[in-house]
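Down below is the structure, laid out as structure tokens.
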Amino acid sequence: MKRGAIMVLGFLFLLFNVSPSSASDDRRQKWWKWPSSAGNSICSSVVLPLYGNVYPQGFYYAQINIGHPPRPYFVDPDTGSDLTWLQCDAPCVHCTQAPHPYYRPNNDLVPCKDPLCASLHAGDHRCDDPGQCDYEVEYADGGSSLGVLINDVSLVNLTTGVRITPRLTIGCGYDQIPGPSYQPLDGVLGLGKGKTGIVSQLHSQGLIRNVVGHCFSSRGGGFLFFGDDIYDPSRVVSTPMSRDYRKHYSPGYGEVIYGGKPTGLKNLLVIFDSGSSFTYLSSQAYEGLLYLVTKELSGKPVKEAVDDKTLPFCWKGRRPFRGIRDVSKYFKPLALRFSSGWRSKTQFEIPLEGYLLISSRGNVCLGILNGTEVGLQNFNIIGDISMQDKMVIYDNEKQTIGWTPANCDRPPRPDAMSI
């Protein structure tokens, strides 16, 4: 469970779904069973408060309530992966520090032949035990979770004010390997496009439209939402999801704009990933942007702060910076420009707050990192830092990604937010 820590860089971008035939068979175990229950349905939207920040905490998290009776769990909202899983006392082989007691599962196992089980595994997968669905997910920072799928109920408040308990399929993770950017949470909230994603499951039960979005506040916190009745679509700038790259929320290829001007850094395959605290560019684009930023600072009273290890590149002024406003005369805003159709382009604006942060030492640091160095290959990740103070909307029905400036400190309909 891995998001971008400040000193150790990381992300929850899912690289692999590993079938039960992998070499990790020796980590698997026979299921232990506990009591179970189920729920019902109605149609509306769901809003969840978010906690945390990009810096200094290094991650955002939400609370979900699972089980009968419902118990709270803190989870990492991750648009880069599908499966929601909790650290699980099944019993636990390897679990990490968590804010709550490990999830104690029921005996409502998902059988191996279930379509949700098949959707987790690429191609054919064998059933070591037909009565249960084993899973293993591996993330881009090297962390992983091994476990089994179960069904359980979740306590959910709708924006209509109605409280429901839908039956959801989640992972019981009884063997976790933490990545270098591990954060002490109870699990992961999978918001991806796949059938096992929470939004897809709620949609298939007729509860919500297949839309998910988030609003990260630069002051910390924010909100997460499922459904489409909490925003004005006329104010949303949107671009089509890529038809060539369907696994993640991707607008396809983009171009970096710096200070309002094209940079020549283009043909970048971009992914929106709420599981990454920082933004990542592939090596060539990263080096090109760093060159432009460094050139812009030439001759100005700002020098590299080599002793500040908050992020790979930090700069200091004549006196400590108190906020981004103090450095606005030294840096220029960024943007990513996408093709939205024939002769049409949309632009995702990244203000200074969207790629810079002020460290605890009063220096300004670059919140865009080299993705190639950490194994992202040619992927370019828009992380939380660049999505702050925006409502970002992933509409799986219209197949669009949209965004609009927003006050993320004020969630919509706070009286109807999920507990």
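A short reminder: the numbers here are calculations on the coordinates, not readings from a lab. What you see is a predicted model, and the numbers here were worked out from it, not measured in a lab. With ideal geometry, Cβ positions are generated from the backbone for all residues, glycine too; neighbour counts draw on all protein chains shown.
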*Is one or more of the residues making up the stretch 257-270 β-branched (Val, Ile, Thr) and in contact with a Gly (Cβ under 6 Å, 6 or more places away or on another chain)?*
yes
*Those residues that are surrounded by 15 or more Cβ atoms within 10 Å (Cβ to Cβ) and acidic (Asp, Glu), I need them from the stretch 105-131; list them, please.*
Asp108, Asp114, Asp129
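To keep it simple, each residue is scored yes or no on (1) crowded, with 20+ Cβ neighbours inside 10 Å; (2) under 22 Å from the mean Cα position of the chain (by Cα); (3) among the charged types (D, E, K, R).
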| position | (1), (2), (3) |
| --- | --- |
| Cys133 | yes, no, no |
| Leu149 | yes, yes, no |
| Thr160 | no, no, no |
| Leu189 | yes, yes, no |
*Selection from the stretch 231-274 of residues that are in contact (Cβ under 8 Å) with a residue 60 or more places away in the chain and among the aliphatic types (A, V, I, L, M)*: Val236, Val237, Met241, Val256, Ile257, Leu268, Leu269, Val270, Ile271
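One line per residue, one yes/no per condition, for (1) of a type in the set (Gly, Ala, Ser); (2) touching an Asp or Glu at 6+ places or on another chain (Cβ under 7 Å); (3) surrounded by 14 or more Cβ atoms within 10 Å (Cβ to Cβ):
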site: Pro251; (1), (2), (3): no, no, yes
site: Gly264; (1), (2), (3): yes, no, no
site: Asp273; (1), (2), (3): no, no, yes
site: Thr279; (1), (2), (3): no, no, yes
site: Leu292; (1), (2), (3): no, no, yes
site: Lys300; (1), (2), (3): no, no, no
site: Leu311; (1), (2), (3): no, no, yes
site: Val327; (1), (2), (3): no, no, yes
site: Gly354; (1), (2), (3): yes, no, yes
